[in-house]
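Report on the structure given below.
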Amino acid sequence: MTRYLMTRLFYFFLALLVLSVVTFALNWLFPGDPLTNMSGIREGQTAYEAALTSRSFDSTIIQQYLNYLEHIVRLDWGLSLSTGTGVWQDAATYLVVSAELLLLSFLVAVVVGMPLGMLAANYFRHNIDKFILTSAMTGYSIPVFWLAQLLILLFAVQIEWLPITGQINPLYAIDSVTGSVIIDILLSDSQYKLAALQDATLHLILPVLTLSSLPSMLLLRITRNQTIEVLQKPYVKAARARGLSQQRLLFRHALPNVLQDVLPQMTFIFGLMMANLVIVEHIFNWPGAGAWLLKAIIERDYPIIQMVLFTLMALILVLNLLVEVYRGWRFPMTREERYGGY
Amino acid sequence: MDLLDIRNLTIEMDGPHGRVRVLDKVSLQLKEGEVHSLVGESGSGKSLLAKAVIGVLNPLWDVTADRLWWNGKDLLAMTPKQRRAITGRDMAMIFQDPLAYLDPNSTVAEQITEAIPAGDVTGTFMHRRIDRKTRVAQLLHRVGIRDHDAIMQSYPYELSEGVAQKVSIAIAIAHRPKLLIADEPTTAMEPSTKDQIQRLLGKLAVSQNMSVLLITQDVASILPATQRVSLLYCGQMMEHGDTETILNRPAHPYTDAMIKMSLQAHAELDPKSKLPSLPGAVPTLRHMPIGCRLGPRCPYAQKQCVKAPLVRHREEQSYYCHFPLNEPES
Ligand SMILES: Nc1ncnc2c1ncn2[C@@H]1O[C@H](COP(=O)(O)OP(=O)(O)OP(=O)(O)O)[C@@H](O)[C@H]1O
Ligand code: SF4
Ligand SMILES: [Mg+2]
């Protein structure tokens, strides 16, 4: 396990490093002055001269990169080109807002997709399976932006059950402290906590539903196919002949073996969600990192673009690392496959 | 009454070259406490027969039989659930490739524990835990695994084929089945373990009044305790009877050839002597001879043999052949 862990960590840091090289290179690929793109300080400003030396722009490119790396480690992403405030200071709440949306959606995707996938597999070729699969295929082929409009039209405009956009009704006057509405409400001393919580939940439903639709359908399909395959394995047949109940077969024997192969796919699915995050946050006017990124792209606010891209990618890498470590620990066989032991 | 009563079991499957009949009207009876050896060359359908009894065949295959009775109850007429309840309680099978039949993501201890009947362990939660653990260790000891602590925590991929086979024997005997089907259980083992396992199976049969259906490829490796032998060739039953009679006075040309071959393999041979094996090779599924499937290789075959021989009896043996050998002088 130690060797496995070390290798995984090594690849994690290697990937981070490559990522930092890419974002570093972006500063040259973006139009304009690389130093401005990097630090958010424009030529002619008084700080520009100082930045030239502090960012090693008087030295070699290698030195500049190392300096850039050092800034990243200190979370110093420079200043926003449009507001002039520190990028990381602004970023914190945006990122938490998005994290809340992402995590909730991912949770919904897992809770909906995996059990339905196993259910369909359990009724392989029966009507239940066909019904689930057809619904999944339908949900899977609707583009996210269209689904969002559809849901808004149906639930918010037509039957007016749910609010159209935003995180919470501003009348509740909840101060944004962490960025996560739920946590903010719990932290606040508002006397309408419960009502506010209810309102925030209603606001969350549509974005979460939209964002989780594609990943849950993907997970459903992967889980279904994998479960069907595992259920035909000799060891499942033998366990069945031993008189074990179907539940036990499914949960004790099929599920772990299915999970072993579905887990790595989860990182990939999470990556897909990131792409849709931008769209969903924009449509639902959600004050998260995705919408912020979109705004930064429109305003050519390069320090912000770099920072958000890097963080979202790094998040995927972290998730990947966690998944790999858990998988290696829970399913020792996968370690064997890769490194022949340990 | 026979514990297991199979009459005219036929299995057909759709292969890439059309429909093939892999088991052709096979009958077999097994009494309580009997050690029965099923002998046949590779591909003769021994494993299929065993899997049909246990009920783990591919559901797309056609399985028909005049009778597939367990203790007088018709297994084919039951719902899958009823059938599983009975096979799970009364039968167990040791499969030919043990590693494929062990869950790759459960430890040995977990898989053996699962096979111990819930009624066997009683008392408080902690009691049951400890009790189960000692039982698992005992079972491992009985199949000849001494470093049980290490093996218990292992996953199947960490086991050698021989140890995996022993683990599956431990799983199989955990619920004290009435019938144990052992499909070539000692092929992957070194000679000393082979002996040990064979003795164990013989001992279990006696001490637990357990019937054993042992599947082997040649007559030489049948259990010493074997009371009855059946011979299968190309999905057809050739002959069965009690061990003594079969080995000394085989009625069927196939049995005769099998015995001679195994004597040959075990005796010091004159290098020039001709091998008394059957000429030709086992036919492929696509080109099964009609009638007696041994026909093309049988030195005694005549025109009549294109019609499948019906069962005939001779004191302690039954055979399927038009021209039996070793007929008593009349
Ligand atoms: N899953 C399968 N699909 C197609 N054909 C099969 C399948 N399993 C077995 N067969 C065919 O059925 C025949 C009998 O197979 P079986 O496994 O019962 O042989 P066996 O007597 O156990 O041989 P061995 O001693 O090699 O284990 C073989 O010719 C084989 O090709
Ligand atoms: S029936 Fe004919 S072919 Fe078959 S074993 Fe007897 S003699 Fe040989
Ligand atoms: Mg076999």
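The values are calculated or read from the model by the stated rules, or taken from the named source; none is laboratory data. These figures come from a predicted structure and were not determined experimentally. Quick reminder, even Gly has a Cβ in these numbers, built from the backbone with ideal geometry, and neighbours come from all protein chains shown. These area figures cover heavy atoms from the full protein model, side chains too; ligands, DNA and RNA do not enter into them. Shrake-Rupley method; radii C 1.70, N 1.55, O 1.52, S 1.80 Å.
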Open item on the list: Check which residues have an amide H placed less than 5 Å from B:Leu38's amide H, if you skip close sequence neighbours.
Closed with: B:Leu214, B:Ile215, B:Thr216, B:Ser230
Task: Computed label-point distance, nm, for sites A:Phe131 and A:Gln198 using a 7 Å Cα→Cβ extension - done: 3.2
Task: Kirkwood Rh in Å, taken over all unlike Cα pairs in region A:136-258 - done: 18.0
Task: Among the listed pairs B:Lys25/B:Lys178; A:Lys233/B:Lys203; B:Lys166/B:Lys260; B:Lys46/B:Lys81, those beyond 28 Å (Cα-Cα) - done: A:Lys233/B:Lys203; B:Lys166/B:Lys260
Open item on the list: Normalised by the empirical 2.2 N^0.38 Å for globular proteins, what value does the Cα Rg of chain B take?
Closed with: 1.06
TODO: With +1 on each Lys and Arg Cβ and -1 on each Asp and Glu Cβ, and nothing else charged, work out how big the dipole of the protein assembly as shown is about its Cα centre, in Debye to the nearest 20.
DONE: 2220
TODO: Ignore the peptide's own chain and count Cβ atoms of other chains within 10 Å of each Cβ in B:81-94; give me the average, rounded.
DONE: 3
Open item on the list: Return the equivalent ellipsoid semi-axes of region A:2-73 as a descending list in whole Å, where each equals the square root of 5 times an eigenvalue of the C-alpha gyration tensor.
Closed with: 30, 12, 9
- [ ] Provide Rg over Rh for region A:237-342; use the alpha carbon set for both Rg and the Kirkwood Rh (inverse mean inverse pair distance).
- [x] 1.21
Open item on the list: Tell me the mean residue ellipticity at 222 nm calculated for chain A from its helices only (DSSP H runs of n ≥ 4, each -39500 (n - 2.57), averaged over every residue, nearest 500).
Closed with: -24000 deg cm²/dmol
Open item on the list: Keeping all protein chains in place and using 1.4 angstrom, which order do A:Asp301, A:Asp90, B:Asp97, B:Asp14 fall into by accessible surface area, from largest down?
Closed with: B:Asp14, B:Asp97, A:Asp90, A:Asp301
Task: Selected from A:Ala121, A:Ala239, A:Ala109 as most flexible by GNM, with chain A as the system and alpha-carbon contacts under 10 Å - done: A:Ala239
Task: Separation of the A:Leu52 and A:Ala275 label points, Cα + 7 Å toward Cβ, nm - done: 4.3
Open item on the list: Cross-link candidates for B:Lys31: which aspartates and glutamates have Cα within less than 18 Å, leaving aside residues fewer than 8 places away along the same chain?
Closed with: B:Asp2, B:Asp5, B:Asp74, B:Asp90, B:Glu239, B:Asp242, B:Glu244, B:Glu315, B:Glu316
Open item on the list: Taking θ = phi - 60°, what integer Hz values does the Karplus form 6.51 cos²θ - 1.76 cosθ + 1.60 yield along region A:142-147, in sequence order, with x for Gly and Pro?
Closed with: 7, x, 4, 5, 6, 4
Open item on the list: Rounded to the nearest 20 debye, what is the charge dipole size of region B:1-64 about its Cα centre when +1 sits on each Lys and Arg Cβ and -1 on each Asp and Glu Cβ?
Closed with: 120
TODO: Give the long-range amide H neighbours of B:Ile94: residues separated by 5 or more places, or on another chain, with amide H under 5 Å away, using H modelled in the peptide plane at 1.01 Å from N.
DONE: B:Ile181, B:Ala182, B:Asp183
Task: Gain upon complete extension [A:Val22, A:Arg3; 0.36 nm per residue less C-alpha separation] - done: 4.0 nm
Open item on the list: Please report the antiparallel percentage of the DSSP beta bridges confined to the protein assembly as shown, to the nearest 5.
Closed with: 65
Task: Reachable aspartates and glutamates, given that their alpha-carbon falls under 14 Å from the alpha-carbon of A:Lys295 and they are not under 8 places away in the same chain - done: A:Asp90, A:Glu281
- [ ] Please list the non-local residues whose amide H lies under 5 Å from the amide H of B:Arg67, H modeled 1.01 Å from N, same-chain partners needing a gap of 5 or more.
- [x] B:Arg7
Open item on the list: If you take each beta carbon of peptide B:172-178 and count the beta carbons of other chains within 10 angstrom, what is the mean?
Closed with: 1
- [ ] Determine the dipole magnitude for region A:38-154: charges of +1 sit on the beta-carbon of Lys and Arg, -1 on that of Asp and Glu, nothing else is charged, the reference point is the Cα centre, and the result goes in debye to the nearest 20.
- [x] 560
Open item on the list: How many angstrom lie between the Cα centre of region A:1-51 and the Cα centre of region B:283-330?
Closed with: 83
- [ ] With a ≥ b ≥ c taken as the square roots of the eigenvalues of the C-alpha gyration tensor of region A:28-182, please select rounded if a/c is under 1.5 and otherwise prolate if a/b is larger than b/c or oblate if it is not?
- [x] prolate
- [ ] Would you list the P(r) distribution for chain A, with all Cα-Cα distances sorted into 20 Å bins from 0 and each bin expressed as a whole %?
- [x] 25, 49, 24, 2, 0
Task: Heavy-atom SASA rank of B:Met189, A:Met313 (probe 1.4 Å, accessible area, largest first) - done: A:Met313, B:Met189
Open item on the list: Give the average, rounded to an integer, of partner chain Cβ atoms located within 10 angstrom of each Cβ in A:249-258.
Closed with: 2
Open item on the list: Could you derive backbone 3J(HN,Hα) for region A:186-195 from the dihedral phi with the Karplus parameters 6.51, -1.76 and 1.60 (θ = phi - 60°), listing whole Hz in sequence and x where the residue is Gly or Pro?
Closed with: 5, 7, 5, 9, 4, 7, 10, 3, 5, 4
TODO: From the C-alpha gyration tensor of region B:220-267, pull out the three semi-axes of the equivalent ellipsoid (sqrt of 5λ each), sorted largest to smallest, in whole Å.
DONE: 16, 14, 10
Open item on the list: Output wanted: per-residue J couplings in Hz (rounded whole) for region A:177-185, from phi through Karplus 6.51 cos²θ - 1.76 cosθ + 1.60, θ = phi - 60°, x for Gly and Pro.
Closed with: 9, 8, x, 6, 4, 4, 5, 4, 5
TODO: Give the ranking of A:Lys233, B:Lys133 by solvent-accessible surface, highest area first, calculated with a 1.4 Å probe.
DONE: B:Lys133, A:Lys233
Task: Fraction of antiparallel bridges per DSSP, chain B only, in percent to nearest 5 - done: 60
- [ ] List, largest first, the extents of the alpha carbons of region A:151-210 along their principal axes, each in whole Å.
- [x] 35, 19, 15
Task: Cα lying deepest toward the dipole's positive end in region A:193-342, options A:Gln232, A:Gln198, A:Leu321, charges on Cβ - done: A:Gln232
Task: Alpha-carbon Rg/Rh ratio, for the protein assembly as shown, with Rh computed the Kirkwood way - done: 1.14
Open item on the list: Could you tell me which residue out of A:Met217, B:Thr255, A:Gln306 lies farthest along the dipole of the protein assembly as shown toward its positive end? Charges go on the beta carbon: Lys and Arg +1, Asp and Glu -1, centred on the Cα centre.
Closed with: B:Thr255
- [ ] Considering Cα pairs under 8 angstrom that are at least six residues apart, work out the relative contact order of chain A and quote it in whole percent.
- [x] 26
